[in-house]
Amino acid sequence: MNSNYNERKSFYTLLVSSLFFPIHEYLKCHNSVSVRKQLEISQWWPRQQIEQFQFTRLRRLLFYAQANVPYYHGLFAEIGFNPTEINSLADLKHLPLLDKAKIRNNIDAFKSIKAQKLARFNTGGSSGEPLVFYIGNERISHDVAAKWRATRWWDVDIGDPEIVVWGSPIELDAQDSIRVLRDRLFRSKLLPAFEMSEQKLNIFLKEIQSQRPRMLFGYPSALAHIAGHAEKIGMQMDNLGIRVAFVTSERLYDDQRQQISKVFGCSVANGYGGRDAGFIAHECPVGNMHITAEDIIVEITDHHGIPLPPGQSGEIVITHLASSDFPFIRYRTGDIGSLDDKLCSCGRGLPLLREIQGRSTDFVMAQNGTVMHGLALIYILRNLPQISAFKIIQESLNLTRVWVVSEIGLDPTISEMIKHKFQSRLGQNVEIIIEEVAEIPKEKSGKFRYVMSKVSPN
């Protein structure tokens with residue numbers, strides 16, 4: 001950390017990051033402190049050393065899964081797979097992909113017979129049925145450590161004042177007296193992302209001004225919405241000393257990054273991961289997305305599970321190397337992205353994600369079978385001054401529904417223009433239904449999705 005930051009960093013932040021939080025983790029039987037310290041060393045290793053470290057841990061995970069996890073004991077026997085025969089990371093391709101359905105249908109068989117005190121988790125289900133799964137202390141410790149390391153890349157630390165804009169019922173339901181006390185001790189304030197009325201937005205802005213956080217954390221759509229409201233009412237927010245806004249859990253669009261950065265006067269750092277897949281990647285100050293390679297192997301595959309080379313887009317598939325209690329091996333995230341084979345100028349040897357294009361349901365399919373990202377339709381609506389909010393729902397190859405919010409009402413000529421442009425991309429015979437609504441509902445988790453396709457690109 002630079003000297004200017006050390007001068008600004010309060011004694012209280014040092015007390016939290018070096019004493020209170022380590023005690024908190026120790027009492028929860030987590031070794032995240034020692035893991036984070038190791039990660040801050042290994043991030044500077046050359047790529048080859050990191051890959052060798054991954055390979056060693058992968059072999060250990062596969063041997064353990066074969067011996068202690070009923071599902072993998074049976075699977076390896078069924079397909080004739082022997083962990084002793086794995087000679088490189090590329091040999092992972094010999095294992096089948098893991099999806100949510102397999103976990104749902106075999107949930108008890110995924111638990112290690114040696115596992116103790118497994119914590120029950122579930123995904124938000126924003127793109128389908130929620131997934132219930134279990135995580136042990138090793139996995140939790142590594143995910144916490146990975147996020148902690150990435151936070152420190154931006155010269156902020158646990159204990160610095162933080163505003164969290166989040167909407168997951170899992171987090172919000174957990175706000176008991178102990179959690180509230182802990183957040184107060186760590187100077188973290190939670191604001192509910194699914195409550196975004198004008199009155200709530202005014203309260204949020206006053207909370208941010210009062211807290212004067214060094215970091216923001218939340219969905220990009222939520223932080224951009226708050227920033228847009230600040231602009232609308234003329235409230236200055238770029239003089240509060242906010243250093244960085246961490247965004248995650250949704251695709252970060254360029255206009256959202258620009259708006260958040262401009263209004264709050266800070267950098268925007270993108271993070272990628274999930275409760276099921278773990279803390280996969282995070283943006284460094286240079287602007288590249290570094291994979292948490294010490295813990296996670298990332299493959300980009302086609303829909304048959306065949307790995308694709310760097311630069312080619314496919315499904316993001318992960319193997320979490322700290323998930324022995326409930327293994328995630330070649331787990332399909334449902335996200336589309338690509339790898340990069342270059343090295344980052346920041347000096348870290350951690351491999352890079354070149355692009356995270358979004359979930360497979362963020363893509364739409366034309367009648368002729370052409371698959372395109374939802375941005376092809378989003379751009380048609382985004383710059384129309386008559387439209388303040390919208391959502392696109394591809395019901396089928398023959399029907400796409402468009403919800404729009406318009407304060408002045410949508411002119412019939414604009415509606416016809418939208419239909420014509422949508423049909424030029426999706427097919428001339430596709431029915432486009434435009435519905436004016438009072439507001440666009442968010443997902444139950446508080447997330448917002450511009451596009452939702454019910455047509456599988458595969």
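With respect to (1) open to solvent by less than 30 Å² (accessible area, probe 1.4 Å); (2) over 26 Å from the mean Cα position of the chain (by Cα); (3) touching a residue at least 24 places away in the same chain (Cβ under 8 Å), the lone exception for S415 is condition (3). At least 2 residues being touching a residue at least 24 places away in the same chain (Cβ under 8 Å) and touching a His at 6+ places or on another chain (Cβ under 8 Å) is the threshold, and among the helices (runs of 4 or more DSSP H) wholly inside segment 1-93 those reaching it are 32-42. If only one of H320, H282, H290 is buried (at least 17 other Cβ atoms within 10 Å of the Cβ), within 18 Å of the chain's Cα centre (by Cα) and more than 23 Å from W166 (Cβ to Cβ), which one is it? Going through H320, H282, H290 in turn, just one is buried (at least 17 other Cβ atoms within 10 Å of the Cβ), within 18 Å of the chain's Cα centre (by Cα) and more than 23 Å from W166 (Cβ to Cβ): H290. Which of the residues belonging to segment 184-216 are under 17 Å from I242 (Cβ atoms), part of a helix (DSSP H, G or I) and of a type in the set (K, R)? If the condition is that a residue be under 17 Å from I242 (Cβ atoms), part of a helix (DSSP H, G or I) and of a type in the set (K, R), then K206 is the only one that fits. Of the residues making up segment 68-82, just one is of a type in the set (S, T, Y) and open to solvent by less than 40 Å² (accessible area, probe 1.4 Å), namely Y72.
Going through segment 141-163 one residue at a time, which ones are assigned to a loop (DSSP other than H, G, I, E, B), among the charged types (D, E, K, R) and closer than 22 Å to K28 by Cα? Result: D157, single match. Within segment 77-107, being farther than 22 Å from G274 by Cβ and acidic (D, E) holds for E78, E85, D91. Across segment 263-276, the qualifying residues are those that are surrounded by fewer than 23 Cβ atoms within 10 Å (Cβ to Cβ) and within 13 Å of the chain's Cα centre (by Cα), and the one among them that is farthest from T151 (Cα to Cα) is D276.
One line per residue, one yes/no per condition, for (1) over 17 Å from L321 (Cα atoms); (2) of a type outside the set (F, W, Y); (3) open to solvent by 60 Å² or more (accessible area, probe 1.4 Å):
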| residue | (1), (2), (3) |
| --- | --- |
| N31 | no, yes, yes |
| W44 | yes, no, yes |
| F63 | no, no, yes |
| I86 | no, yes, no |
| L92 | no, yes, no |
| I107 | yes, yes, no |
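In the set I260, I242, which member is at pLDDT 95 or above, closer than 22 Å to C284 by Cβ, surrounded by 22 or more Cβ atoms within 10 Å (Cβ to Cβ) and touching a Cys at 6+ places or on another chain (Cβ under 7 Å)? When all the criteria are applied, what remains is I242.
Of all residues in segment 205-239, those satisfying the criterion of being open to solvent by less than 30 Å² (accessible area, probe 1.4 Å) and without any contact (Cβ under 8 Å) to a residue 40 or more places away in the chain are L205, A224, A227, G228, H229, A230, M237. Pairs meeting the criteria (first residue in segment 430-444 and under 18 Å from E416 (Cα atoms), second residue modelled with pLDDT under 90 and not in a loop (DSSP other than H, G, I, E, B), beta carbons under 9 Å, at least 6 apart or on different chains) are V437/A389. Scan segment 113-158 for residues that are touching a Ser or Thr at 6+ places or on another chain (Cβ under 6 Å) and farther than 30 Å from P285 by Cα and the total you get is 3. Filtered by the rule that a residue be at pLDDT below 75 and either surrounded by 15 or more Cβ atoms within 10 Å (Cβ to Cβ) or assigned to a strand (DSSP E or B) (or both), segment 420-448 gives K442, E443, S445, G446, K447, F448. With a requirement of 2 or more residues that are farther than 27 Å from L98 by Cα and not polar (S, T, N, Q), the strands (runs of 3 or more DSSP E) lying completely within segment 304-412 that satisfy it span 389-396, 399-405.
The values are calculated or read from the model by the stated rules, or taken from the named source; none is laboratory data. The model shown is predicted, which means the values in this text are computed figures rather than measured ones. Cβ atoms come from the backbone with ideal geometry, glycine included; neighbour counts cover every protein chain shown. Ligands, DNA and RNA are stripped out before the accessible areas are found, and what is left, the full protein with its side chains, is counted by its heavy atoms. Shrake-Rupley method; radii C 1.70, N 1.55, O 1.52, S 1.80 Å.
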